[in-house]
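Below is one structure, written out as structure tokens; comments come after it.
The values are calculated or read from the model by the stated rules, or taken from the named source; none is laboratory data. None of the values given here were measured: they were computed from a predicted structure. Heads up, the Cβs are rebuilt from the backbone with ideal geometry, glycines too, and the neighbour counts pull from every protein chain shown. Just the protein is used for accessible areas: all its heavy atoms, side chains included, with ligands, DNA and RNA removed. Shrake-Rupley method; radii C 1.70, N 1.55, O 1.52, S 1.80 Å.
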Amino acid sequence: METRTYKVRGMHCASCVAVIERVLTKTAGVHSATANFASESAKIEFDSAVISESELAKAVGSVGYRLETGAQDESTVSTKKVGDDTGNQTVSIKVLGMDSPHCAMVVEGALKKLPGVKNTDVEYPNQRAKVVFDPSIMTVETLFKVIKDAGYKPIREEGGSEDLLDREKHEREKQLKVLKAKLFVGGVLAIFIFLGSFPEWFFFVPEFLSNNWVLFLLTTPVQFWVGWQFYSGLTLLVKYRTADMNTLISVGTLAAYFYSLAVTVSPVYFSQGGITPAIYFDTSAIIIVLILLGKYFEALMKGRASEAIQKLVGLQPKTANIMRDGKEIAVPISDVQAGDRIVVRPGERIPVDGKITEGESEIDESMITGESMPVHKKVGSAVIGSTINKFGTFTFEATKVGKDTVLSHIIKMVEEAQGSKAPIQRLADLVSSYFVPVVFVIALATFVAWYFFGPAPAFTFALVNFVAVLIIACPCALGLATPMAIMVASGNAATRGILVKDAASLEIANKINAVILDKTGTLTQGKPQLTDIIAFNNEKKVDVLSFAASLEQRSEHPLAQAIVQYAASIDQKSSHPLDRAILDEAKKEKIEPYALLEFKAISGKGLRGVLKVGDSGATAEAYLGNRALAADIGIDTSRYENDIQKLEHEGKTVMLLVVDKKLKGALAVADVLKEESAAVVRTLKESAIEVWMLTGDNERTARAIAAQAGIDNVMSEVLPDKKSEKVKELQARGKTVAMVGDGINDAPALTQANIGIAMGEGTDIAMESANITLMRGDLTLIPEVITLSKRTMVVIKQNLFWAFFYNVAFIPVAAGALYPFFGILLNPIFAGAAMAFSSISVVGNSLRLKAKVL
């Protein structure tokens with residue numbers, strides 16, 4: 001048996017997991033299969049003597065997905081146009097106007113019917129279609145033609161993200177310009193058509209305007225020029241044997257138009273019992289104008305919804321000043337290579353990721369981390385591409401360029417999150433896939449029922465209600481309900497330093513009722529800091545610090561560094577009690593270390609040194625270490641045990657300072673809590689969320705740190721490889737668990753948790769394993785994630801409710817269900833207005849998520 005993990009392309013939602021697992025487990029030779037939607041992968045245990053990798057790929061391919069069995073460069077996945085070892089090519093196409101699951105189904109259905117097309121992967125939230133085809137049979141131009149025939153605008157995804165967005169923006173602006181022109185012409189004509197259709201209401205209208213032939217001439221440009229985009233629905237119906245919302249609109253308005261034309265040509269034929277037949281030119285024209293008006297506002301608002309990606313891409317500089325042969329030259333950003341030395345001046349954006357080699361500065365990283373305060377950077381500090389250099393000039397070495405930069409990863413994650421599907425979307429997708437055929441059936445049934453059983457003139461009643469049913473049905477509202485909210489929410493989160501990997505994570509996050517916080521680097525600063533100094537026998541704290549820092553100045557031990565760094569960086573303006581006590585005693589601006597003449601580390605106990613004290617040349621023998629070291633040199637610490645143990649009970653490491661055989665004082669070092677830790681824990685508890693701390697520390701130390709943070713539940717002495725088991729224990733108790741960590745050893749636990757949250761200051765592996773990444777490592781973003789999730793789910797449920805309610809309630813009304821009881825019929829014009837409003841309301845409601853999270 002072999003167990004391998006493969007990438008699976010084409011997974012869109014949680015239900016895909018079940019499909020892939022089912023087909024694999026039914027395949028001979030496969031022992032078990034586990035698919036992962038978040039990572040788009042499948043872990044398969046199989047007998048290689050029975051089934052090969054190519055046969056596994058064939059099995060997965062039979063249900064519409066692509067299992068990658070060989071090493072593959074990432075560029076193949078996000079291909080613009082590439083080939084593979086089978087001779088097939090993959091083209092990635094931006095499809096403007098593909099806004100709903102039904103639109104995606106229409107495009108996918110039309111593409112799959114083409115000869116030579118091997119596979120399609122359609123993402124309607126990102127308006128993207130990836131097509132795998134045999135270039136010897138099919139061409140890209142043919143693919144484009146089919147997409148155009150289906151009523152959508154294809155754009156080839158070539159060049160960088162910025163080029164693509166520029167072209168997409170240009171096309172969107174062009175589309176809005178055309179829509180605006182059509183609305184103006186259509187609106188003016190529709191007003192005259194409406195006035196001429198009801199002379200009994202508008203006595204001031206000239207008589208000629210009420211002539212049927214004049215109304216026909218006014219309506220024709222509205223029907224066939226203003227409403228031309230809707231006729232793609234007829235192409236789909238005739239050529240590809242499928243239908244969409246455009247089919248409903250075109251059939252409905254053409255029925256009203258041609259019936260009215262027939263009455264105009266032969267009014268006598270349609271007269272029954274001396275009743276003059278009605279014409280519906282006004283219905284056709286006004287419906288087209290109203291729906292187009294809805295499309296116009298929808299396009300405007302969708303542009304706002306996708307602003308997050310546009311802003312991120314717009315942050316990328318176009319050029320970089322690099323050093324070549326001792327000279328500084330400006331080159332396009334695409335020509336920068338890893339290892340290049342780049343000069344950045346004040347006010348400029350940093351072109352790519354790297355490390356500073358010369359100079360220092362303050363960098364504004366707010367666009368990545370959400371933190372407004374500039375960050376000080378010096379030689380050796382990492383800098384992030386597209387952040388802003390505020391003050392100094394510096395030189396840095398490029399380490400990551402192109403698609404490997406932090407910003408490129410963020411853009412990719414946001415795009416993937418916006419393109420993914422939340423589990424709640426499954427019902428809407430299912431309904432959308434059957435929606436149009438069902439509406440046609442209802443419309444035809446309505447026509448037949450009214451024609452045979454309705455009052456006179458039966459044909460007129462049948463036609464009006466037939467048109468009303470076709471026009472009022474709105475699959476777009478259903479299709480937009482979830483992805484529009486996900487797109488806005490994930491984009492808003494990205495601008496605040498929260499990166500959401502997929503839509504499912506946004507849905508699950510609101511159900512979290514237990515949060516596990518890793519201690520080191522998550523709850524705490526992640527590095528030891530000097531927290532306390534105690535002076536014994538009337539000594540001064542400043543002297544204790546001076547001797548300790550002097551002894552440790554050659555040591556690289558983390559505890560030693562904590563003391564040395566504190567002494568070197570003590571802040572004159574600080575209001576911290578320890579800082580003030582030291583400065584008041586020192587009566588000078590900084591602590592000057594003594595000269596260290598001799599130095600010896602004593603393994604497991606501490607160190608010994610000889611210091612030159614003062615200008616007279618006097619020396620002092622000093623020791624710094626634990627109780628065992630003090631005992632070895634004959635120092636009795638019993639008198640000071642209460643003070644020492646108090647610090648140890650707080651989870652701190654205590655070091656004793658002995659100078660010339662006298663116990664001078666003690667210093668305590670600890671990995672201190674982040675400033676926001678206690679407040680975040682309190683907020684989570686107030687939200688009825690159980691908070692746990694996970695650490696490898698002993699029980700006493702763990703409890704001390706947890707108490708400071710206000711955490712009651714502690715998992716102590718947990719080995720790195722056992723962290724995921726602790727997550728499983730909580731899940732076994734019915735908890736929906738969020739795991740928050742930053743280290744490589746947290747990766748299994750982050751993967752096991754229902755939601756893994758990685759701190760942005762942590763390792764790449766942790767971030768890859770997590771569902772959500774907090775870019776600035778700020779714990780206050782955890783409650784924001786949960787609040788954002790709750791707000792998103794509220795908006796999605798509101799959208800779905802109104803979309804379902806609208807269609808379920810108004811389609812029967814349009815069919816005339818209320819007429820036998822109340823004599824009410826729905827005018828198709830009002831049906832058109834209601835249909836336009838339904839999509840606009842869903843988009844508008846989703847845009848509320850652009851507001852501040854908290």
Open item on the list: Within the range 405-414, does at least one residue satisfy the condition of being at pLDDT 85 or above and either more than 22 Å from the chain's Cα centre (by Cα) or among the β-branched types (Val, Ile, Thr) (or both)?
Closed with: no
For the range 50-67, the count of residues that are charged (D, E, K, R) and open to solvent by less than 80 Å² (accessible area, probe 1.4 Å) equals 2
Picking from 688, 707, 670, 732, the residue that is loosely packed, with under 14 Cβ neighbours inside 10 Å, within 23 Å of residue 778 (Cα to Cα) and out of contact with any Cys (no Cβ under 6 Å at 6 or more places or on another chain) would be 688
Per the filter on the range 189-221, residues loosely packed, with under 15 Cβ neighbours inside 10 Å, without any contact (Cβ under 8 Å) to a residue 40 or more places away in the chain, among the aromatic types (Phe, Trp, Tyr) and not in a loop (DSSP other than H, G, I, E, B) are 208
Answer yes or no: is there a residue in the range 654-666 that is at pLDDT 90 or above, open to solvent by 30 Å² or more (accessible area, probe 1.4 Å) and touching a Lys or Arg at 6+ places or on another chain (Cβ under 9 Å).
no
**Message:** Residue under question is residue 585, and the condition is that it be farther than 26 Å from residue 661 by Cβ, at pLDDT below 85 and open to solvent by 20 Å² or more (accessible area, probe 1.4 Å); does it hold?
**Reply:** no
Query raised in the report: What about residue 355, is it at pLDDT 90 or above, open to solvent by 20 Å² or more (accessible area, probe 1.4 Å), of a type outside the set (A, V, I, L, M, F, W, C) and closer than 30 Å to residue 781 by Cβ?
Result: yes
Out of (1) under 22 Å from the mean Cα position of the chain (by Cα); (2) at pLDDT 80 or above, the one residue 514 does not meet is (1)
Here the qualifying pairs (Cβ atoms under 6 Å; residues six or more apart or on different chains; first in the range 176-188 and over 20 Å from residue 215 (Cβ atoms); second at pLDDT 90 or above and in a helix (DSSP H, G or I)) come out as none
Note on the range 80-96: residues at pLDDT 75 or above and open to solvent by 10 Å² or more (accessible area, probe 1.4 Å) are 88, 89, 90, 94, 96
Yes or no: the range 532-555 includes at least one residue that is under 23 Å from residue 694 (Cα atoms) and touching a residue at least 24 places away in the same chain (Cβ under 8 Å).
no
Picked from the range 592-646 (must be aromatic (Phe, Trp, Tyr) and assigned to a strand (DSSP E or B)), the residue surrounded by the fewest Cβ atoms within 10 Å (Cβ to Cβ) is 599
Here the residues within the range 238-269 that are in contact with a helix residue (DSSP H, G or I) (Cβ under 8 Å, 6 or more places away or on another chain) and at pLDDT below 65 are 239, 240, 242, 243, 244, 245
Within the range 445-467, residues outside any helix (DSSP H, G or I), open to solvent by 40 Å² or more (accessible area, probe 1.4 Å) and within 15 Å of residue 817 (Cα to Cα) come out as 455
Filtering the range 125-155 down to residues that are over 24 Å from residue 62 (Cβ atoms), in contact with a Pro (Cβ under 8 Å, 6 or more places away or on another chain) and not in a helix (DSSP H, G or I) yields 125
Pairs returned, first residue in the range 489-517 that is touching a residue at least 24 places away in the same chain (Cβ under 8 Å), second residue that is crowded, with 24+ Cβ neighbours inside 10 Å and in a loop (DSSP other than H, G, I, E, B), beta-carbon separation under 6 angstrom, 6 or more apart or interchain, are 497/775; 501/771; 502/420; 503/420; 503/421; 505/771
